[in-house]
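The values are calculated or read from the model by the stated rules, or taken from the named source; none is laboratory data. What you are looking at is a predicted structure, and each value in this text was computed from that prediction instead of being measured. Glycine gets a Cβ as well: all are built from the backbone with ideal geometry, and neighbour counts include every protein chain shown.
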Amino acid sequence: MRQVTCKNCGAVFSEDLEKCPYCGTMNRKGAYRSFRMTFAGMVDQMLGLKDEVNQTTGKMIFSAFLRSLVFIAVIIAVAFGFSRTARVNYYSDPKYDQEAYETILWEDENLEKLDEAYAKNDFQTIKSLYAENSKVVHRWPNYANYVLKERFQNIMDYPHFSVYELQNVLYYLYFPDFFTYGHGMENLDAEQYESMRQSLLKMMAEKGYTEQELADIYAKHADSYGYTNISELEAYVKE
């Protein structure tokens, strides 16, 4: 089975598919093939009715009626195919193709740099690369690990503890997706995250917070989506 490369995200998939299964970008060959099969099936189904009709005196009337239905089906199929083609053509625009191509090149050139910077805890380099192409960095396997590692370091280095720091601590402990918006969480290094989480709990214990107390504060003030209102947390800040 022949494979194609998505012009948007670079994923490889069967050319028979109408869309990229990863980002939803239309695939011209797959969409056109699907249209032809749909059209051929409609015509075959309509014409097949003719063989099932008894040869009666109403044959001519039925034939005229059948031809009308086939004609209508053809119009609908052509309109459907045109709309599909129009959508596919949008993604074949030269400017769009060039942008997708440049994204793939950037990814090839910089993924290794991201990995090297992560291994060295060089967060500044990662931030610079993120500024260049956030879309690719979001897909980077170590994205969630980097964000939580960098955020952990920031929290541990806070010069003053305030309501903002308390809110970030609660998110880190009970809603880490807040910092990554869900990007790459399936690749999260659970052991590394738990180690940092325990270090954070130890730091909070030194400030007078128990783990149960923190859990209760978050449970009481987190809404259905996991977010907290910072004004409601002010009463829990310990000097």
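Among the residues of the stretch 138-161, is any surrounded by 13 or more Cβ atoms within 10 Å (Cβ to Cβ), more than 20 Å from the chain's Cα centre (by Cα) and either at positive phi or touching a residue at least 60 places away in the same chain (Cβ under 8 Å) (or both)?
Yes, the stretch 138-161 contains a residue that is surrounded by 13 or more Cβ atoms within 10 Å (Cβ to Cβ), more than 20 Å from the chain's Cα centre (by Cα) and either at positive phi or touching a residue at least 60 places away in the same chain (Cβ under 8 Å) (or both).
Of everything in the stretch 75-125 that's among the basic types (Lys, Arg) and modelled with pLDDT of 90 or more, which residue is nearest to Trp140 (Cα to Cα)?
From the stretch 75-125, those among the basic types (Lys, Arg) are 84, 87, 95, 113, 120; that's our starting set.
Those still in the list that are modelled with pLDDT of 90 or more too: 113, 120.
Details: Lys113: 11, Lys120: 16 Å.
The selected residue is Lys113.
Rundown of residues vs (1) outside any helix (DSSP H, G or I); (2) without any contact (Cβ under 8 Å) to a residue 24 or more places away in the chain, yes/no style:
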| position | (1), (2) |
| --- | --- |
| Gly182 | yes, yes |
| Gln198 | no, yes |
| Tyr209 | yes, no |
| Tyr225 | yes, yes |
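All but one of (1) at pLDDT 90 or above; (2) in contact with a strand residue (DSSP E or B) (Cβ under 6 Å, 6 or more places away or on another chain) hold for Tyr164, so report the exception by its number.
Evaluating Tyr164 over (1) at pLDDT 90 or above; (2) in contact with a strand residue (DSSP E or B) (Cβ under 6 Å, 6 or more places away or on another chain) leaves (2) as the failure.
Being of a type in the set (Gly, Ala, Ser) and touching a His at 6+ places or on another chain (Cβ under 8 Å): is that true of Ala144 here? Give the steps one after another, and end with the answer.
Numbers: of a type in the set (Gly, Ala, Ser): yes; touching a His at 6+ places or on another chain (Cβ under 8 Å): yes.
So Ala144 fits the description; yes.
Just to be sure, is Leu111 of a type in the set (A, V, I, L, M, F, W, C), exposed (fewer than 12 other Cβ atoms within 10 Å of the Cβ) and in a helix (DSSP H, G or I)? Steps first, answer last, please.
Details: of a type in the set (A, V, I, L, M, F, W, C): yes; exposed (fewer than 12 other Cβ atoms within 10 Å of the Cβ): no; in a helix (DSSP H, G or I): yes.
For Leu111, the condition - of a type in the set (A, V, I, L, M, F, W, C), exposed (fewer than 12 other Cβ atoms within 10 Å of the Cβ) and in a helix (DSSP H, G or I) - is not met.
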